[in-house]
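First up is the structure itself, then whatever we jot down about it.
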Amino acid sequence: MNDEAFRVWARLRAMVLELHDRRSVASAELGMSFIKVKALLKVAAGPLTMRELTDRLSTDRPYTTLVVDELVRRGLAVREPHPEDRRSRVVTATPAGAAAAARAQQILGEPPPQLRALPAAELAALDRITALLVPGPSTADGPHRGVRPRRRLSGS
């Protein structure tokens, strides 16, 4: 057992989930649970079928329906028939939803003051280390999390 790995993991978890819990801040500012914020972020990135959204949220279909119902009720998303498959529904962010998602992304992307205060050399070292831990390209919106590629909707 590698005690050092456990210690590092505990510190990372504490920093992200406890000391700098941006999820709670985003949820409070948008006035909704984080699963709804997460769903809004997903559909703001591009239209998704209900099935795709269910997969990306790792929820079941009835729960995804409840989440989307609330986003639609708030005017943050619309649910429309799929242009090629009448049995399927597509969820798209409205302009208000896109603005709310952008605000959530801004909140979630704000690094903790402790991280911003690190000397440049230590921050560069941490960047190299985290690049080894989180594979894929990294952007201002966050690292690629290895989700399946999104199917493009024809006609959209």
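The values are calculated or read from the model by the stated rules, or taken from the named source; none is laboratory data. All values derive from a computational prediction rather than experimental measurement. Cβ placement follows ideal geometry from the backbone for every residue including glycine, while neighbour counts extend to all protein chains displayed.
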#### Entry: Residues that are touching a helix residue (DSSP H, G or I) at 6+ places or on another chain (Cβ under 6 Å) and either modelled with pLDDT under 95 or of a type in the set (Val, Ile, Thr) (or both), drawn from region 62-80
THR64, VAL67
#### Entry: Test for THR92: is it in contact with a Pro (Cβ under 9 Å, 6 or more places away or on another chain), of a type in the set (S, T, N, Q) and either more than 30 Å from TRP9 (Cα to Cα) or assigned to a loop (DSSP other than H, G, I, E, B) (or both)
yes
### Subset tally (residues that are surrounded by 13 or more Cβ atoms within 10 Å (Cβ to Cβ) and in a helix (DSSP H, G or I)) for region 9-20
2
### Task
Among residues belonging to region 77-122 that are free of Cβ contacts under 8 Å to residues at least 40 places away in the same chain, more than 30 Å from GLU18 (Cβ to Cβ) and among the small types (Gly, Ala, Ser), point out the one that is surrounded by the fewest Cβ atoms within 10 Å (Cβ to Cβ).
ALA96
### Message
What pairs come out if I take residues in region 13-41 that are within 24 Å of THR94 (Cα to Cα) and pair them with residues that are of a type in the set (Lys, Arg) and assigned to a helix (DSSP H, G or I) whose C-beta lies under 6 Å away, six or more apart or interchain?
### Response
PHE34/ARG23
### Query
Filtering region 21-76 down to residues that are assigned to a loop (DSSP other than H, G, I, E, B) and charged (D, E, K, R), which residue is surrounded by the most Cβ atoms within 10 Å (Cβ to Cβ)?
ARG74
